[in-house]
1. Just the ratio, please: alpha-carbon radius of gyration of segment 119-330 over 2.2 N^0.38 Å, N its number of residues.
2. Which cross-chain or sequence-distant (5 or more) residues have an amide H under 5 Å from the amide H of ILE58, H modelled 1.01 Å from N in plane?
3. So how much accessible area does TYR475 have, in Å² to the nearest 10, using a 1.4 Å probe?
4. Identify, among GLY80, TYR90, LEU131, the residue whose Cα sits farthest towards the positive end of the charge dipole of segment 49-154, taking +1 on the Cβ of Lys and Arg and -1 on the Cβ of Asp and Glu, with the dipole about the Cα centre.
5. Past 29 Å, Cα to Cα: identify those pairs from LYS55/LYS187; LYS142/LYS323; LYS55/LYS286, in the order given.
6. What is the dipole size for segment 119-330, taken about its Cα centre, with +1 at each Lys and Arg Cβ and -1 at each Asp and Glu Cβ, in debye to the nearest 20?
7. Sorting ARG220, ARG156, ARG89 by accessible area (1.4 Å probe), largest first, what list results?
8. Work out the length of the dipole vector of segment 1-114 about its Cα centre, built from +1 on the beta-carbon of each Lys and Arg and -1 on the beta-carbon of each Asp and Glu, and round it to the nearest 20 debye.
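The values are calculated or read from the model by the stated rules, or taken from the named source; none is laboratory data. The structure presented is a predicted model; accordingly, all values stated were derived computationally and were not measured. With ideal geometry, Cβ positions are generated from the backbone for all residues, glycine too; neighbour counts draw on all protein chains shown. Surface accessibility is based on the protein's heavy atoms, side chains included, excluding ligands, DNA and RNA. Shrake-Rupley method; radii C 1.70, N 1.55, O 1.52, S 1.80 Å.
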Amino acid sequence: MLNSLPEIFFVLLAISVLSALFLLYPRVPLSFVRLHVGITLLPPLAALMVLVTTKETIIYGPWWLDSLSWMLVLFVLTIGFIVQRYSVRYFLGDRSYRKYFTLLTITTTADSVVWLSNDLRLLLICWGVTLLGLILLIRLKKEWSVARNAAKQSGRLFAIGWLILFGAVIWVTQSTGHWQLSLVLTKSSLIQLDLWERTCISLMLILAVVIPAAQWPFQRWLLNSVVAPTPVSAVMHAGIVNAGGIILTRFSPLFSGDIAQIVLLLVSSVSVMTGTGIMLVQVDYKRQLVGSTIAQMGFMLIQCALGAFLAAIIHAVLHGLFKSTLFLQAGSTLHHHKKPTSESNQPLSLLWTITGGILGLLVAIGLWLSSSGEIYQIISALTLGWSVSLAWTQLVAFGSGHIARIAGFSLFAVAAIVYNFVHDAFYGVLQNSIPKGMQPPEPAAILLLIILLAGSAAGLWLARHRSSAAYSVIYLWLVRLGEPQNNLIESHPKYLTQSFFRGGHLR
């Protein structure tokens, strides 16, 4: 029974696709959508069964079946199911109702097959189908010129990224003589590549993944994609926007600590600061989430550049689940203005803030001393220490009264316990499936540390000097960077007026 679980999974996956295609037939009642959504739950359940019961790596025909593959399949299809279930009522009455569920099912299915593929030809085809499905989902409201323009821009960039990935795959397969990824990445195959060839292929892979990851200077497509329905923005985080870290993890043996990792470090660092700035200056909630995604994907690629591929995968999965949830809740989000705190609470809050800073410093030092001394651990220790300090400040130091601080401390403690549990669970499942990457040269890591610290210091200085000319210039530049282009805004949604006069559906 256990050996037949992968076969059962593929059968269920095929059934879900057939169900989606069947939904396109006009005579099928719309009530079938609920049955279809139930069918899409079956493949992730089968993937979970395989992940729990199977530990070994199986190379079978065009498939690479290991813990990493099944974890990613479970992640992608689970988000796909949640978004489809959410959309049953969200899209009800829309003229694209049937088409939407079909596109969403095919896109997430193709995306999941990418991470199961051992044949690079199958990987390329399925990744192309995934990107095409995302373009069509962005273009779902094709009557709206803004949606069409956003889809065209995304399509051009995705085509460039896919062609670059195609070129990298052709290069490495012709040099090694293999189309199977598991054979391409063996030492006997990689030794056939000269150092300059490995560097060029690595640079092509990096360029192919920073485009769908919306990294600088390609972040514009993701900012403009906010015109798509909110569930589409949510499903982008199911191994599409965050696919960069996954692809680089699969190809990690190609990286050899050369200039490619340095380039990835620099591009990702700029993206982290740019995305954070866009998130802070935007007033549109979906654009705030997009700015956060740009920054988070930048940090994920920094982890890849530092050889911490396990951390990058954990980041990609957890961020995808978290950000998808935020997008699905975007319609009910309200910003509440906090009342200014009284002067009498300031000394006490300052004491609690200092306590949080000391706690964060101790956590960072403890993590660094308990680590193996790798370069990545410095960045990880500083990031975790800063996160602890910030969480303490927000949950405890700024609490109003003893009860609020006790509640904040309790939430802080629970979050710490959950973090340790989740990290250990991921590590236990994935440690044997993810190779350890090459460490970049020490000067590159030191340069990264300087950039991030300098960026943080500059941000703090600007926050305290809001009346300065530098603050105004940077603020306006970030606002302009995050705003849509002229052909992606419309003073009045003309297609709604046309639909009204034709008796169409309004959404």
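1. On the way: Rg = 17.1 Å, N = 212, 2.2 N^0.38 = 16.8 Å.
Here the Cα radius of gyration is 1.01 times the empirical estimate.
2. Here LEU65, ASP66 satisfy the definition.
3. Taking all protein chains as shown, TYR475 has close to 90 Å².
4. Of the candidates, TYR90 comes out farthest on the positive side.
5. Working: LYS55/LYS187 24 Å; LYS142/LYS323 26 Å; LYS55/LYS286 39 Å.
Correct reply: LYS55/LYS286.
6. 600
7. ARG89, ARG156, ARG220
8. That gives segment 1-114 a dipole magnitude of about 620 debye.
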